[in-house]
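Data first, discussion second: the structure below is written as structure tokens.
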Amino acid sequence: MMLHRGWWAASPSSKWLAKKRDEGSPGVWAVEKRRDPLLGRSLSHWADLGREDVPQLCGNPAEVLAEHYAINDGVVRTRFPPEPNGYLHIGHAKSMNMNFKLAFEKLGIEDGSRRECVFRYDDTNPEKENREFVESLRKDVAWMGWSPIQVTHTSDYFEALYAMALELIRAGKAYVCEQSPAEIEACRGVAKARAALRRLRESNSRTIPEDVVVAAREDTPGAHESPYRDRPVSENLASFEKMRRGQVAEGAMTLRLKMDNDATNFNMFDQVAYRIKFSPHPNTGDAWCVYPTYDYTHCVVDSLEHVDYSICTLEFETRRESYYWVLDALDIYRPKVFEMSRLNITYTVLSKRKLAKLVDTKVVRGWDDPRMPTISGLRRRGYSPAALNSFCDDIGVTRNENLIDYVRLQHFARLDLEPRAPRRMAVREPFRIDLDGPDEVFRRDYHAQGYTLRLSRTIYIDRKDYRDVDSPDFFGLAPQKIVRLRHAVNIRYESDGKGVVVDDSIDPKGKLHWVSEEDAVECELRDYDRLFVVPKIDESKWEKQINPNSEVVYDTALVHHSVKDWAPLTSVQFERLGFYCVDYDGKVFNRTVELRSETAAAAAKGRSRKEEQLAQLAKKEAAKSIDPKDMFKSGPYSQFDADGLPTRDARGAPLSKSLIKKLKKDQAKQKRLFEANRT
């Protein structure tokens, strides 16, 4: 029982868990496994492991669950535990969406007062963590709109964790090891070879590779274990105290858990629970020089915070057995565990290690560079919490590996920005035109959507909208050609930068955005593209696949003067250019997304033939994992039927019968592809 253990008083959760609510917490523990929306598969030793018609209690005795019910007193609790060793990214947005909202929806818990999520800094590695990262996590969680019931740090539990480690040592379940990392890895290699040898013999294999036999070292029975594994408890306690006091060199000793070195799951190979690090901690300072590991702390702190569901990604699934080993060894409350697939998006990376390298090697300006998939980067680019959360709602949660098309994320940016971003005009590369015409056309005001334009005798259009030689497929300006200045007048270009205002009754095909000299304010436009040139990066050469044109800067751009005092992060739609966001200095505008999705031809522009082949192959692979109900969600549609078939376009107009018929045919084809991939 947890409340009567000596270390409970040292646990910060003992102070904030005593709250009174209505009955309700036992409900999620009474659900049969097959009906539990989150439980998933099990990798442990419980008596009810193979049964689906009984509640799976995770090995919790009745009295432990009764204590858990009393402590939680009616709520169901999850946790969001990022490590402050970098900035949060879009994958963390999916995790927040799951832990703060979707998990409760799946469990049918509608009462908000019964929903609790703890925001926990999983800060066990002081060498890689700092105050900048801690503050960025706090800011991002709040900005995304989530309100945790409690903000905690794993480091808040260091006293309790240390006391529990002493308990494990006294029980003979942990020992101080003096092997070096290389020696530990060598023992692990022997254990892996012996496991492989057992599998070959159990399968009656006719051939057993000689290298496996040699690596197994069967002539030395203890070769797979630490020579310190069976040292006396008194020696372990004394050595651990030396570690605690800093009387031992960094790397000379570790505290290891006495698990199962003969297990086929190598996460059960005697894990390191504590190591020495003479590094100050961003939360505890110099109070400690021994720090617990993730594998020891995350399960224990889940238990101390009485989390009902511990939700993580699939790469942690094989750690479920070691998760419960620690809790069984301490005989404390065991939460339920659910693993979901990681979020993977085309043309970017969501590995903190790779993101950190992009920052360290100056490929990007920092963690909040608008090209980065970090929440800070997406915020600076102009994405809103509503757009990101809508994206997370749309992709949902699954245990199947998937690759989400980047255009799907862009789709939700457009849906969010189209109705709320005010319109203005700007030119990337100004091309000057001096106009001649009646005085009255230069004296009057011209009204656009939400702002007023003045036509001066000198205007600027975008350089790309002018050609010396015209062509039938070009709708811009050319000598002796008439175009319309949006919201204003028609002009004809003469030559040498001269133009003239002409008859307004003509309706030319070309309608250009422009800025008058009188209205113009200098600014910088930064147009952002995909971070990588291929949809799915090659791990062996990912740095060579970085898009060298992921950022294009127009530092002589001009914009309508009405935006010059707008607050940072204000969104705007620059007509014909895209949706932009005011950067922090107020003089730079970052492009959030183009006005419409790129075509396949535009996306392929600039690729080599081999890169294009890789892109097409990755696109086909990505298509296999797309549920036919979701295939049109990133398109120009606003409403769908129950099967995910579009019924209205982006502006809400009904689709034609012929188009619906075509889309239905495409969906049937995708359904066959999707189902074939699942079998």
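Some values worked out for this structure:
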quantity	calculated
Every residue from the range 506-525 that is closer than 30 Å to Ser471 by Cβ and open to solvent by 20 Å² or more (accessible area, probe 1.4 Å)	Ile506, Asp507, Lys509, Lys511, Glu517, Ala520
Arg201 within 29 Å of Arg320 (Cα to Cα) and free of Cβ contacts under 8 Å to residues at least 24 places away in the same chain	yes
Sole residue being open to solvent by 10 Å² or more (accessible area, probe 1.4 Å), more than 24 Å from Arg380 (Cα to Cα) and touching a strand residue (DSSP E or B) at 6+ places or on another chain (Cβ under 8 Å), chosen from Arg114, Arg77	Arg114
Answer residue from the range 434-455, given it is in contact with a helix residue (DSSP H, G or I) (Cβ under 9 Å, 6 or more places away or on another chain) and hydrophobic (A, V, I, L, M, F, W, C) and is nearest to Ala421 (Cα to Cα) among those	Leu455
Selection status of Arg188, at pLDDT 95 or above, part of a helix (DSSP H, G or I) and surrounded by fewer than 21 Cβ atoms within 10 Å (Cβ to Cβ)	no
Qualifying helices (runs of 4 or more DSSP H) (wholly inside the range 60-172; at least 1 residues being over 30 Å from Lys242 (Cβ atoms) and not charged (D, E, K, R))	62-72, 90-97, 103-106, 131-143
Boolean, Val212 is free of Cβ contacts under 8 Å to residues at least 40 places away in the same chain, in contact with a helix residue (DSSP H, G or I) (Cβ under 6 Å, 6 or more places away or on another chain) and open to solvent by 20 Å² or more (accessible area, probe 1.4 Å)	yes
Among residues of the range 397-436, those that are crowded, with 19+ Cβ neighbours inside 10 Å, closer than 13 Å to Gly382 by Cβ and not aliphatic (A, V, I, L, M), counted	4
Residue check for Arg492: modelled with pLDDT of 95 or more and open to solvent by 80 Å² or more (accessible area, probe 1.4 Å)	no
Answer from Val141, Val151 - the residue that is over 15 Å from Ile311 (Cα atoms), under 21 Å from the mean Cα position of the chain (by Cα), of a type in the set (Val, Ile, Thr) and open to solvent by 10 Å² or more (accessible area, probe 1.4 Å)	Val151
Where a residue in the range 666-679 is farther than 12 Å from Asp630 by Cα and its partner, wherever it lies, is small (Gly, Ala, Ser), with Cβ under 7 Å and at least six apart	Leu673/Ala623; Asn677/Ser625
The one condition in (1) of a type outside the set (S, T, N, Q); (2) buried (at least 16 other Cβ atoms within 10 Å of the Cβ); (3) not in a loop (DSSP other than H, G, I, E, B) that Val500 fails to fulfil	(2)
Residue in the range 300-321 that is open to solvent by 10 Å² or more (accessible area, probe 1.4 Å), in a loop (DSSP other than H, G, I, E, B) and of a type in the set (Asp, Glu) present	no
Elements of type helices (runs of 4 or more DSSP H) in the range 347-444, at least 3 residues being more than 30 Å from Trp514 (Cβ to Cβ)	352-360, 375-381, 385-395, 406-417
Meets criteria (open to solvent by less than 30 Å² (accessible area, probe 1.4 Å), within 17 Å of Pro82 (Cβ to Cβ) and of a type in the set (Val, Ile, Thr)) for Val290	no
Single match in Asp585, Asp565 (criterion: open to solvent by 80 Å² or more (accessible area, probe 1.4 Å), out of contact with any Lys or Arg (no Cβ under 9 Å at 6 or more places or on another chain), modelled with pLDDT under 95 and closer than 20 Å to Met372 by Cβ)	Asp585
In the range 568-582, the residues that are at positive phi and open to solvent by 20 Å² or more (accessible area, probe 1.4 Å)	Leu569, Arg576
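Residue by residue, here is whether (1) at pLDDT below 95; (2) more than 30 Å from Tyr69 (Cα to Cα); (3) of a type outside the set (Asp, Glu); (4) under 32 Å from the mean Cα position of the chain (by Cα) holds:
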{"site": "Ala238", "(1), (2), (3), (4)": "no, yes, yes, no"}
{"site": "Met243", "(1), (2), (3), (4)": "no, yes, yes, no"}
{"site": "Thr254", "(1), (2), (3), (4)": "no, yes, yes, no"}
{"site": "Phe266", "(1), (2), (3), (4)": "yes, yes, yes, yes"}
{"site": "Phe278", "(1), (2), (3), (4)": "no, yes, yes, yes"}
{"site": "Trp288", "(1), (2), (3), (4)": "no, yes, yes, yes"}
{"site": "Tyr294", "(1), (2), (3), (4)": "no, no, yes, yes"}
{"site": "Cys299", "(1), (2), (3), (4)": "no, no, yes, yes"}
{"site": "His306", "(1), (2), (3), (4)": "no, no, yes, yes"}
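The values are calculated or read from the model by the stated rules, or taken from the named source; none is laboratory data. Computed from a predicted structure; not experimentally measured. In this analysis, Cβ positions are derived from the backbone assuming ideal geometry, glycine residues included, and neighbour counts consider all displayed protein chains. Accessible surface areas use protein heavy atoms only, side chains included; no ligands, DNA or RNA. Shrake-Rupley method; radii C 1.70, N 1.55, O 1.52, S 1.80 Å.
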